[in-house]
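Scroll down for the structure; my scribbles are underneath it.
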């Protein structure tokens with residue numbers, strides 16, 4: 001067994017290595033505290049945050065200088081974070097995040113077992129928690145994609161309503177029209193459009209979502225229906241007036257297959273509205289996101305790849321909007337709501353789930369803030385001729 005003095009020496013050695021790595025890469029002053037309350041200061045000025053190492057596993061994670069390992073240590077409680085969590089994320093500049101075998105496996109899995117089974121596994125890992133968990137941090141619209149803000153101080157609910165209205169108008173939808181909602185979630189678009197007399201067919205492959213949608217449609221007497229089917233396998237005897245894809249194209253990275261479905265399922269003159277988080281490099285999300293939030297074939301929208309695929313079809317691109325700032329405000333609001341519901345979440349679902357989503361939501365907020373992530377709305381139309 002190692003003595004306390006031996007552990008003190010190991011701590012000091014790891015901290016010196018850590019200091020050399022972060023020097024010049026992290027401009028925010030911070031401190032690290034060991035489990036025996038030894039403190040180490042980094043940078044000049046008052047610390048904006050403190051990393052508390054609770055045990056030897058936390059020290060091991062720190063010594064590896066790897067973003068994923070640090071996230072895992074935080075989720076397990078081996079590391080605690082006090083202070084401004086957005087500032088903590090500045091450590092990303094100094095940490096590595098390379099996991100080549102894992103990324104390779106994610107790319108070849110859809111080839112080995114097929115895209116539809118891969119989608120089902122990935123969706124179930126993220127969306128099959130209790131519905132009430134997600135409702136703790138979303139607003140009353142229950143929209144799990146970005147809102148459209150007119151100002152920074154606008155409420156999330158008002159901004160979501162504006163986005164939904166924009167989607168309806170963009171597709172020229174009116175009472176009696178038929179629209180396909182790809183990835184129904186918690187019935188955001190189904191309820192919003194259904195109450196306008198629009199007939200919504202909502203697709204989902206998450207059982208919790210299917211149950212929620214069935215109950216919502218029955219309760220509100222909406223002219224809508226829900227089908228548990230992957231979009232890539234869905235067939236309809238009658239084409240639709242419009243297709244709406246709210247934050248779901250990230251789960252459908254095979255753009256040629258998606259566009260083929262758009263062409264097959266739309267009437268001539270029918271439109272597609274889609275919105276998404278976006279990255280300039282496909283399949284490039286951090287290891288933590290790829291392993292613990294969106295596994296499988298998930299990929300943020302790669303806009304130039306998507307538009308290149310559209311250019312090989314007869315589909316017209318009517319508009320593209322950059323919504324990075326609106327998505328930043330959206331995830332910031334979600335993260336703040338999550339923290340406000342901390343005690344309830346930990347009591348019902350455990351601290352690990354709270355910590356997991358705290359990293360996810362604040363990390364995404366930071367990515368939009370520093371332009372690592374983008375966000376877009378895209379409007380497409382199937383030509384009449």
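The values are calculated or read from the model by the stated rules, or taken from the named source; none is laboratory data. Everything quoted here is computed from the prediction, not taken from an experiment. When we count neighbours, we look across all protein chains shown, and the Cβ atoms used for this are built from the backbone with ideal geometry, even at glycine.
Just a few scattered comments:
Every residue, every condition in (1) in contact with a strand residue (DSSP E or B) (Cβ under 7 Å, 6 or more places away or on another chain); (2) surrounded by fewer than 16 Cβ atoms within 10 Å (Cβ to Cβ); (3) in a loop (DSSP other than H, G, I, E, B); (4) at pLDDT 90 or above, yes or no:
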residue: 40; (1), (2), (3), (4): yes, no, no, no
residue: 86; (1), (2), (3), (4): no, no, no, no
residue: 102; (1), (2), (3), (4): no, yes, no, no
residue: 123; (1), (2), (3), (4): no, no, no, no
residue: 132; (1), (2), (3), (4): no, yes, no, no
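- Hey, residue 281 in a helix (DSSP H, G or I) and exposed (fewer than 14 other Cβ atoms within 10 Å of the Cβ) or not: no
This table checks each residue for (1) under 16 Å from residue 92 (Cβ atoms); (2) crowded, with 20+ Cβ neighbours inside 10 Å; (3) over 31 Å from the mean Cα position of the chain (by Cα).
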{"position": "36", "(1), (2), (3)": "no, no, yes"}
{"position": "46", "(1), (2), (3)": "no, no, yes"}
{"position": "55", "(1), (2), (3)": "no, no, no"}
{"position": "62", "(1), (2), (3)": "yes, yes, no"}
{"position": "73", "(1), (2), (3)": "yes, yes, no"}
{"position": "76", "(1), (2), (3)": "no, no, no"}
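- Exactly one residue among 139, 152 is modelled with pLDDT of 90 or more, over 30 Å from residue 352 (Cβ atoms) and in a loop (DSSP other than H, G, I, E, B), and that residue is 152.
- Hey, residue 317 within 15 Å of the chain's Cα centre (by Cα), part of a strand (DSSP E or B), over 20 Å from residue 360 (Cα atoms) and in contact (Cβ under 8 Å) with a residue 12 or more places away in the chain or not: no
- From the options 272, 200, 244, residue that is farther than 17 Å from residue 376 by Cα, in a strand (DSSP E or B) and touching a strand residue (DSSP E or B) at 6+ places or on another chain (Cβ under 8 Å): 200
- Any hit, the range 271-283, residues being farther than 30 Å from residue 361 by Cβ and either at pLDDT 90 or above or in the same structural domain as residue 356 (by TED's automatic domain parsing) (or both): yes
- Of all residues in the range 73-84, those satisfying the criterion of being in contact (Cβ under 8 Å) with a residue 40 or more places away in the chain and out of contact with any strand residue (DSSP E or B) (no Cβ under 7 Å at 6 or more places or on another chain) are 75, 76, 77.
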